[in-house]
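Step one of this worksheet: look at the structure below.
What follows draws every value from the coordinates through simple rules; no lab data is involved. Nothing here was measured: the structure is a model prediction, and the numbers come from that model. FYI the Cβ positions are ideal-geometry reconstructions off the backbone, even for glycines, and counts take in every protein chain you see.
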Amino acid sequence: MSTVSVHGVGTSHFGRQPERDLVALAWDAVREAFADADVTGVDAVWVGTVFGPPGVAQRVLRAMGVTGIPVITVENACASGTTAFLEAHEAVRTGRYGRVLALGIEQMSTAFAGAITPEPTDPEGRSGLALPALYAMAAARYLYDGAVTPAQLAAVSVKNHAHALHNPRAQYAGHHTVEEVLGSRMIADPLTLLQCCPTSDGAAAAVLAPASGGSREVGVRAVALRSGAPWNHRSPHVWGHDVVRDTAAEAFAAAGLDAVSDLDVAEVHDAFTIGEIVTTEALGLVAPGEGGKAAESGVTALGGTRPVNPSGGLLSRGHPLGATGLAQLAEIVWQLRGEAGRRQVDGARLGLVETMGGGVSVLDGNACVVAVLEAP
Amino acid sequence: MGGVSAPGGPDPRPQVSPGADGGGVVDGRRCRSCDEVSAFAWPACPACGGAVDPASFGPFGTVWSATVVRIPVPGRPPPYRLAYVDLDDGPRVLAHVVTDPTADRVLPAPVGGRVRLLPTTDDGDLLVEVVPA
Ligand SMILES: [Zn+2]
């Protein structure tokens with residue numbers, strides 16, 4: 001068994017890029033990751049994608065000369081990229097392969113005019129439950145319970161759009177006000193347009209290998225994955241809370257984390273504003289019911305005591321589904337190396353990645369992945 | 001609520017049978033092992049994998065949460081109202097909510113409010129109406 005490090009990361013730009021194909025987007029990510037790791041090849045590849053057509057992994061890899069080795073494609077909704085990372089990590093840890101590439105790719109702009117079309121073979125998808133509506137009902141319940149205010153929901157969007165001002169790869173960025181966020185077009189009550197992640201194209205990649213003590217290697221302290229148990233009338237929390245909490249508990253135990261407060265920086269799944277609020281509570285970064293207040297008061301902003309989503313998050317960096325988890329990972333790797341520029345969390349030593357995938361009715365999420373990473 | 005594009009294959013949504021006074025009841029299942037209730041005629045309990053027996057739920061329930069979808073979804077002109085409804089002694093189901101055609105603006109069903117399950121729409125969606133408290 002080996003201790004595993006991330007030796008290199010890379011990403012494309014994130015945004016609507018219908019004129020570029022997945023070969024071009026993946027090349028941006030892999031070329032950068034290989035250069036970052038100072039390697040020219042790997043022994044195996046795990047690829048995460050949700051809407052990529054059959055064979056897409058081999059199609060993009062052969063265009064860059066990555067052929068003749070095992071290539072495995074995984075799908076776990078929005079957590080597909082981090083699932084690829086988890087599997088790559090396990091392959092290196094157990095010695096199955098020496099050096100492994102985890103790659104996430106997605107092109108949304110050519111597939112959907114707006115929100116993702118609900119899956120018609122799923123009961124709730126067939127009923128017209130677009131994903132914004134699922135998160136909207138979590139937000140509506142939080143409002144009903146007095147666990148958040150509309151202004152606190154909006155504060156997450158304000159914060160993450162401001163963070164992205166310092167991220168040149170982000171799809172959107174801006175100085176918005178709470179009033180602008182709440183006044184933007186209603187998508188699914190109470191979530192407005194600026195509280196929803198955009199339609200994005202992109203790719204992100206990481207090279208994993210045994211730790212060798214290199215000055216730029218970011219250690220993987222732990223990574224855990226769970227799929228959701230039934231979410232129903234007996235569930236004490238909104239959709240997605242419990243699977244995040246349970247996956248995090250597993251990852252934190254495996255990482256030997258003394259306290260969640262030891263984490264210096266986190267990239268979490270803010271596909272919608274309420275997602276970041278529920279997730280920061282489920283992770284234990286903030287107390288139950290404090291997620292909204294933490295966004296509003298700056299606790300989770302850059303410069304706060306618990307900085308969350310310094311990249312801009314899914315809301316602003318963008319959310320190309322299969323690429324998202326590895327985009328989050330790349331951000332944490334840069335943060336832990338001190339390479340994040342004007343969005344750097346000073347002295348970050350321990351970082352967290354959390355990705356949440358949904359879309360199967362009855363379940364509390366298709367999959368959640370939580371990883372804990374450590375500075376060189 | 002017409003115009004849902006219907007792909008081939010069996011409808012995955014819960015099946016609803018006529019109930020008293022024009023209401024509807026969900027033809028679901030109850031687990032022999034853990035008592036979990038489900039709105040679906042699936043072969044085993046989603047919570048524990050145990051054997052299940054047929055069970056009916058509804059027509060009354062309480063809105064756990066609700067929204068109005070205001071973006072276009074293929075085959076579904078916006079706006080339309082959705083709610084998660086906890087059927088009395090039964091499962092949580094996703095349902096459409098009857099819209100008052102005289103309302104100025106379509107608003108979500110009140111969270112915590114009482115609703116009654118109706119027969120499914122022509123398109124097969126579960127449908128509830130808000131009932132007075
Ligand atoms: Zn059971």
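Scanning the stretch A:109-132 for residues that are buried (at least 23 other Cβ atoms within 10 Å of the Cβ) and more than 9 Å from every other protein chain (Cβ to nearest Cβ) yields nothing. Of the candidates A:Val30, A:Val71, the single residue that is surrounded by 24 or more Cβ atoms within 10 Å (Cβ to Cβ) and out of contact with any Lys or Arg (no Cβ under 9 Å at 6 or more places or on another chain) is A:Val30.
Across the stretch B:64-88, the number of residues qualifying as out of contact with any Phe, Trp or Tyr (no Cβ under 7 Å at 6 or more places or on another chain) and either touching a residue at least 60 places away in the same chain (Cβ under 8 Å) or surrounded by fewer than 17 Cβ atoms within 10 Å (Cβ to Cβ) (or both) comes to 7.
Quick one: is B:Arg13 crowded, with 18+ Cβ neighbours inside 10 Å, within 13 Å of another protein chain (Cβ to nearest Cβ) and more than 16 Å from the ligand (Cβ to nearest atom)? For B:Arg13, the condition - crowded, with 18+ Cβ neighbours inside 10 Å, within 13 Å of another protein chain (Cβ to nearest Cβ) and more than 16 Å from the ligand (Cβ to nearest atom) - is met. For the stretch B:58-66, the criterion of being out of contact with any Asp or Glu (no Cβ under 7 Å at 6 or more places or on another chain), facing chain A (nearest Cβ under 10 Å) and either more than 22 Å from A:Ser235 (Cα to Cα) or of a type in the set (Gly, Ala, Ser) (or both) is met by at least one residue. Answer with yes or no whether B:Leu118 is hydrophobic (A, V, I, L, M, F, W, C) and either within 13 Å of chain A (Cβ to nearest Cβ) or free of Cβ contacts under 8 Å to residues at least 40 places away in the same chain (or both). Here the answer is no, as B:Leu118 does not meet what is asked. The combined condition, being within 18 Å of the chain's Cα centre (by Cα), at the interface with another protein chain (Cβ under 9 Å from one of its Cβ atoms) and within 16 Å of the ligand (Cβ to nearest atom), is fulfilled by B:Gly90.
Of the residues making up the stretch B:31-67, just one is within 22 Å of A:Gly128 (Cα to Cα), assigned to a strand (DSSP E or B) and within 12 Å of the ligand (Cβ to nearest atom), namely B:Ser38.
Do you know which of the residues in the stretch A:135-151 that are in contact with an Asp or Glu (Cβ under 9 Å, 6 or more places away or on another chain) and surrounded by fewer than 23 Cβ atoms within 10 Å (Cβ to Cβ) is nearest to the other protein chains (Cβ to nearest Cβ)? Within the stretch A:135-151, the match that is nearest to the other protein chains (Cβ to nearest Cβ) is A:Ala147.
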